[in-house]
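Some notes on the structure that comes next.
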């Protein structure tokens, strides 16, 4: 069984794990509020100490001149009464000051939360701008840069570092694309030369020994396998680079039907029974015609190659409308066979992963079939799910975004499912 793990392949890094928002902002807000409360508490303590000292050191007021001399007892009583009045006045004033300060402290404590949140947001705004701009840059837009202006502070240093990283990534991706383009030409040339040399050797006059004919047939088979492997490498590389040159609308059900029809001889040779009723006009999607045809071919090939003699294949196309998520189209291909270990099936979408020839009795397959399916699904913002069936065999489900149109076949749709 060729392919890769049972996993969800999504369209971008993103989509994948949502970062927690506001964590740093909440910490900054809590820090600002804590500093305000601490400084406000210190101010209240100082005000209370000053007020208490003021009331304890109050001076006695001089006596009031009544026009006649006061006796010692009268003077003493008046002084004591004035001291009590001054002490009460100072106490009342101190309580008013402390009460007003406490009320102001409470109001400012509540206001500090909003002010702290606002200040923290303003401080972190450049970082949010950098984060949003970085998320918009994908493998197809590495030429873009953040180009953050402003003073030469820590935020600008971070943005400049990210720009330098994007420049290095762009150079690396360009080198990879150049290698793929060169490999496509340089590796095909010697294969073609070897195949031509083999044909010339076999076409020479005179009888060809049986051993030589068998050897030539084996070499031709190996050359075919190498060519298929090379083609798989190139498709996988181009898919991961998002190189779409033939994007358009097509009917996924018709593509799957054509893949089955093209492999009718293989299905008959292995004694398999294929069930694919009512899929011809189902599931409109948009994407690369070549890559989506390759996706359907690989899924069907996987079901044929790694089936058991006399087994069965089931092909179904489902179109669903999700609430708030848009429509989706799923290609489901099931095949019979022995019971598989889900833990091993979950590792099949990686390149060169197989369940082994011991399960099917064949050693066919390059180990890239389902990894290409996973890459094509990811490039079209879809998912690949591999599931070991309880009663034996494998279920492969490819889910792609739908066009939101009706399920029927569009006018002008060709035999390959394209418009």
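What to note about this one:
- Count of residues meeting criterion [in a loop (DSSP other than H, G, I, E, B) and farther than 16 Å from residue 161 by Cα] in the stretch 124-145: 4
- Scanning the stretch 311-323 for residues that are at pLDDT 90 or above and either more than 12 Å from residue 256 (Cβ to Cβ) or not assigned by TED's automatic domain parsing to the domain that holds residue 338 (or both) turns up 311, 312.
- Output for the stretch 86-101, where each listed residue is within 20 Å of residue 45 (Cα to Cα) and out of contact with any helix residue (DSSP H, G or I) (no Cβ under 7 Å at 6 or more places or on another chain): 92, 93, 95, 96, 99, 100
For (1) within 30 Å of residue 132 (Cβ to Cβ); (2) surrounded by 10 or more Cβ atoms within 10 Å (Cβ to Cβ); (3) at pLDDT below 70, each residue gets a yes or a no:
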site: 18; (1), (2), (3): yes, no, yes
site: 27; (1), (2), (3): yes, yes, no
site: 40; (1), (2), (3): no, yes, no
site: 60; (1), (2), (3): no, yes, yes
site: 67; (1), (2), (3): no, no, yes
site: 71; (1), (2), (3): no, no, no
site: 75; (1), (2), (3): no, yes, no
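- If the condition is being more than 14 Å from residue 298 (Cβ to Cβ) and either under 31 Å from the mean Cα position of the chain (by Cα) or part of a strand (DSSP E or B) (or both), then the stretch 253-272 contributes 253, 254.
- Any hit, the stretch 115-130, residues being within 30 Å of residue 175 (Cβ to Cβ) and either in contact with a helix residue (DSSP H, G or I) (Cβ under 8 Å, 6 or more places away or on another chain) or free of Cβ contacts under 8 Å to residues at least 24 places away in the same chain (or both): yes
- Filter result for residue 94 (surrounded by 15 or more Cβ atoms within 10 Å (Cβ to Cβ), assigned to a helix (DSSP H, G or I) and modelled with pLDDT under 80): yes
- Unmet requirement for residue 278, which otherwise passes all of (1) modelled with pLDDT of 90 or more; (2) assigned to a loop (DSSP other than H, G, I, E, B): (1)
- Scanning the stretch 297-319 for residues that are within 18 Å of residue 383 (Cα to Cα), without any contact (Cβ under 8 Å) to a residue 60 or more places away in the chain and touching a strand residue (DSSP E or B) at 6+ places or on another chain (Cβ under 9 Å) yields 300, 315, 316, 318.
- Hey, residue 294 touching a helix residue (DSSP H, G or I) at 6+ places or on another chain (Cβ under 8 Å), within 24 Å of residue 348 (Cα to Cα), surrounded by 17 or more Cβ atoms within 10 Å (Cβ to Cβ) and modelled with pLDDT under 90 or not: yes
- Extreme residue, nearest to the chain's Cα centre (by Cα), among residues of the stretch 151-173 that are at pLDDT below 85 and surrounded by fewer than 13 Cβ atoms within 10 Å (Cβ to Cβ): 172
- Qualifying residue in the stretch 198-214 (condition: in contact (Cβ under 8 Å) with a residue 12 or more places away in the chain, surrounded by 15 or more Cβ atoms within 10 Å (Cβ to Cβ) and outside the structural domain of residue 31 (by TED's automatic domain parsing)): yes
The values are calculated or read from the model by the stated rules, or taken from the named source; none is laboratory data. Predicted model, so just to flag it, every value in this text is computed and none were measured. Cβ sites come from the backbone with ideal geometry, for glycine too, and all protein chains shown count toward neighbours.
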